[in-house]
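Shown next, in structure tokens, is the structure this report addresses.
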Amino acid sequence: MSYLKGLLASCLMLASVLSWVKAVPISIDKTKVKLPEETVKEPPQSVDTGLHYDRYLREVIDFLEKDQHFREKLHNTDMEDIKQGKLAKELDFVSHHVRTKLDELKRQEVSRLRTLIKAKQDIEGGNDIAVDHQALLKQFEYLNHMNPHTFEVEDLDRLIKSATKDLENYDKERHEEFKRYEMMKEHERQEHLKTLDEEGRRKEEEHYEEMKKKHADHPKVNHPGSKDQLKEVWEEADGLDPEDFDPKTFFNLHDTNGDGFFDEQELEALFTKELEKIYDPTNEEDDMVEMEEERLRMREHVMNEVDSNKDRLVSLDEFLVATKKKEFLEPDSWETLEQNQAYTEEEMREFEEQLARQEEDLNLKAADLQKQREDLEQQQEQLNAQKIELQQAVEHMERIKTQKVPPPLEMHLQGNAVPESLGHDPPPVPPENQPLPPGHQDIPPEQQQHVPQKQQDLGQEPQNIPQENQPLPPGHNSLPHDSPQMPLDHNNVP
């Protein structure tokens with residue numbers, strides 16, 4: 001079971017380191033960390049590995065440990081066989097109760113992943129898009145997504161390989177992240193110098209060199225994992241006589257969980273005294289981020305020298321074998337971080353170029369956003385102008401509707417009085433030889449003399465009216481004076 005326990009212990013250490021580093025408040029110049037004194041000695045403990053499948057991993061390992069057959073097989077299987085998947089085949093022989101519980105754990109994990117996928121889709125605004133869960137589950141390599149119901153041999157194999165790979169990648173990524181941190185700190189220092197005048201730069205450089213010397217002025221650091229280093233812990237931390245140092249007793253004292261192994265957390269706790277020689281959170285020259293990197297370097301170094309089967313744990317046997325080696329008794333001196341710069345000049349140059357490219361890209365994006373903003377402002381001004389014109393047109397129409405405007409003809413004739421007759425069509429003229437309708441008989445001669453006067457009064461030329469003693473046209477003969485004027489009967493007209 002040592003490999004899986006070491007795997008889980010490594011995951012826990014990963015989470016502990018991540019939470020420790022992320023919790024460190026870095027000052028503006030990123031050269032000094034302010035920490036309460038009580039937090040300096042030990043990193044905070046965490047029950048989370050930092051892996052997104054942490055709970056699933058821990059619960060699977062916990063239930064496998066409860067099966068006696070699997071536990072015995074694991075005890076007799078080396079790390080390479082585990083990595084190659086030979087141990088996973090033993091899953092077929094575990095008890096029904098354990099297999100049932102593992103099936104339940106897998107169903108819960110698949111449900112959790114689907115919930116995460118759905119939540120991500122909701123955040124991205126794709127509520128109306130159908131989700132292909134099978135396709136999206138492919139990205140989670142630590143389980144077989146094609147079978148979401150039962151925990152099989154392939155699931156255990158995938159889980160072990162994924163956790164191992166993630167932890168190995170973490171070590172690499174951690175080194176790269178720290179390297180970027182150091183390069184950024186130097187970049188910001190150089191940028192700050194550019195803002196100073198010659199006298200200011202001189203003083204700043206002198207202060208920088210003074211801080212470097214103060215940081216390097218510390219007691220000798222023992223080689224991690226050496227006899228001298230462990231005896232110092234034995235004496236100062238355990239309060240025992242250094243002359244009575246016994247490796248086996250030392251191991252049992254610091255195997256805090258009593259499982260017969262040093263995991264990565266237990267190992268790192270052994271280096272606290274050495275780190276306190278170099279770093280003090282109250283000193284301006286000491287960087288606590290660098291202290292944690294130093295701690296991890298020490299742990300990696302001891303694991304590489306002592307962990308012979310590479311299961312990420314140090315057993316009692318491995319520890320006792322290491323105490324008999326020359327490296328334990330007569331180690332080389334340990335070179336601290338200030339003696340080993342985290343980056344080369346070439347890496348720093350490439351980092352500066354990368355920052356320059358990023359700055360250029362940001363400037364281009366900023367210019368593009370500024371242009372878009374100006375275009376939007378111009379469009380807004382045009383819309384506002386159109387809105388004002390539209391409002392004015394609406395107001396003008398409203399004024400027209402509320403005012404009393406005379407008809408067009410009356411407007412044309414205002415100030416020019418015209419008789420009402422001019423505003424009407426002339427009466428129709430009957431055809432020749434057709435009797436006149438009632439009321440349109442010939443005008444008697446004694447009345448004809450008044451017609452021209454009336455027409456003149458109307459401002460018209462006199463009509464062509466026959467003169468006295470002039471024969472009238474046919475159908476217009478005047479009636480005798482003594483004959484009564486009878487209305488014409490149009491029905492009797494031939």
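The values are calculated or read from the model by the stated rules, or taken from the named source; none is laboratory data. In this text the structure is predicted, and so the values were computed from the model without any measurement. Every residue, glycine as well, gets a Cβ built from its backbone with ideal geometry; the counts of neighbours run over all protein chains shown. The area values use the complete protein model at the heavy-atom level, side chains included, leaving out ligands, DNA and RNA. Shrake-Rupley method; radii C 1.70, N 1.55, O 1.52, S 1.80 Å.
Data table
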{"read-out": "Estimated FRET transfer efficiency when R0 is 22 angstrom, pair Asp317-Glu168 (beta carbons, to 0.05)", "value": "0.35"}
{"read-out": "Accessible solvent surface per residue of segment 196-343, calculated while the other protein chains remain in place, 1.4 angstrom probe, Å²", "value": "51 Å²"}
{"read-out": "log₁₀ of I(q)/I(0) at q = 0.11, 0.18 Å⁻¹ - segment 196-343, Debye sum with one point per alpha carbon", "value": "-0.49, -1.08"}
{"read-out": "Positive dipole terminus of segment 196-343, leading residue within Tyr279, Val321, Pro224 (C-beta point charges)", "value": "Val321"}
{"read-out": "Cross-link pairs beyond the 29 Å C-alpha cut-off, checked among Lys365/Lys387; Lys179/Lys277; Lys66/Lys165", "value": "Lys365/Lys387"}
{"read-out": "Exposure ranking of Lys161, Lys179, Lys365 by accessible area [1.4 Å probe, largest first]", "value": "Lys365, Lys161, Lys179"}
{"read-out": "Net charge over other residues, Cβ less than 13 angstrom from the Cβ of Glu359 (K, R count +1; D, E count -1)", "value": "-3"}
{"read-out": "Difference of contour (0.36 nm per residue) and Cα-Cα distance, Thr115 to Glu345", "value": "78.1 nm"}
{"read-out": "Extension reserve of the Lys365-Gln108 stretch, reckoned as 0.36 nm per residue once the Cα distance is removed", "value": "88.1 nm"}
{"read-out": "Whole-Hz ³J(HN,Hα) from phi, Karplus 6.51 cos²θ - 1.76 cosθ + 1.60, for segment 223-230, glycine and proline x", "value": "5, x, x, 7, 4, 4, 5, 6"}
{"read-out": "Ranking by accessible area, most exposed first, for His218, His192 with a 1.4 Å probe", "value": "His192, His218"}
{"read-out": "Rounded percent of accessible protein surface that carbon and sulfur make up, segment 196-343, 1.4 Å probe", "value": "45 percent"}
